[in-house]
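Rule-based calculations on the coordinates, nothing more; no lab input. Keep in mind it's a predicted model, so treat the numbers as computed, not measured. FYI the Cβ positions are ideal-geometry reconstructions off the backbone, even for glycines, and counts take in every protein chain you see.
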Amino acid sequence: MAISGLSTLGVILAYGAYTDNDTLPSSVTELGRINAIGEINLDQESIDSSALTDTVTQYVPGRSDTGGTWSVTVNVTSETISAWKTLQGTTKWFEVIHPSITEGWFVVASVPAKLPLSEIGQNELMTMEINLVLNYYHGLATKVAPTE
């Protein structure tokens, strides 16, 4: 019997060195205390290919648009601040790894030059939402396990 779905428990976000869009990283490092990983929608544009003789508009597929940003919510600790500070202003491969899937999702994204200040309220978990610039969406490929 097939399972009805997958839990998000155990999902990992990792990063690796970026050289170009065609070369996936050979090793990745896990980023700790990730609270949420934003979705990436691929909104495919349509191009009007109608001719003067067409009485109904004709379309061909255009490029896909990711929206340009990708948000990652991180629990604020001394360790997470230190880890993200080392990534500030860099472009990296990021991999979203689910423990039950043999492939990972790969994305090239740029980390902002400064870390954001989180909203601070009474009796709440302190998190920071980091909005990465999504440079390139590769999608699913063979999983690269994080190094210790």
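Overview of values
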quantity	calculated
Residue among PRO61, PHE94, THR73 farthest towards the positive dipole end of the stretch 1-115, charges placed on Cβ	THR73
Reachable lysines from LYS143, criterion Cα separation under 20 angstrom, eight or more residues apart if same chain	LYS92
Loop-located GluC sites (Glu not before Pro) in the stretch 1-92, at most 12 other Cβ atoms within 10 Å (DSSP)	GLU39
Highest-fluctuation residue, VAL72, VAL60, VAL96 considered, GNM on the chain with Cα pairs under 10 Å	VAL60
Proxy reagent accessibility, fewest Cβ within 10 Å first, across GLU119, GLU95	GLU119, GLU95
Backbone HN-Hα couplings from phi across the stretch 62-76 [Karplus 6.51/-1.76/1.60, Hz, Gly and Pro as x]	x, 6, 8, 10, 8, x, x, 10, 9, 9, 10, 9, 10, 5, 7
Among SER26, SER49, SER82, residue whose mean-square fluctuation peaks in a GNM of the chain (springs only between Cα atoms under 10 Å)	SER49
Contour minus Cα-Cα distance for VAL60 and LEU140 (0.36 nm per residue)	26.3 nm
Footprinting exposure proxy for TYR18, TYR59, TYR137 (fewest neighbouring C-beta atoms within 10 Å first)	TYR59, TYR137, TYR18
Gyration tensor (alpha-carbon) shape descriptor, the chain, a/c threshold 1.5	prolate
Length-normalised contact order of the chain in % [C-alpha pairs under 8 Å, at least 6 apart]	27
Computed [θ] at 222 nm, helices only, for the chain once each DSSP H run of length n ≥ 4 contributes -39500 (n - 2.57)	-2000 deg cm²/dmol
Test item: Cα-centred dipole of the chain, Lys/Arg +1 and Asp/Glu -1 on Cβ, debye	400
Sequence of THR29, THR91 once ranked by neighbouring C-beta atoms within 10 Å, starting from the fewest	THR91, THR29
GNM flexibility winner over the chain from LEU52, LEU42, LEU13 (Cα, springs under 10 Å)	LEU52
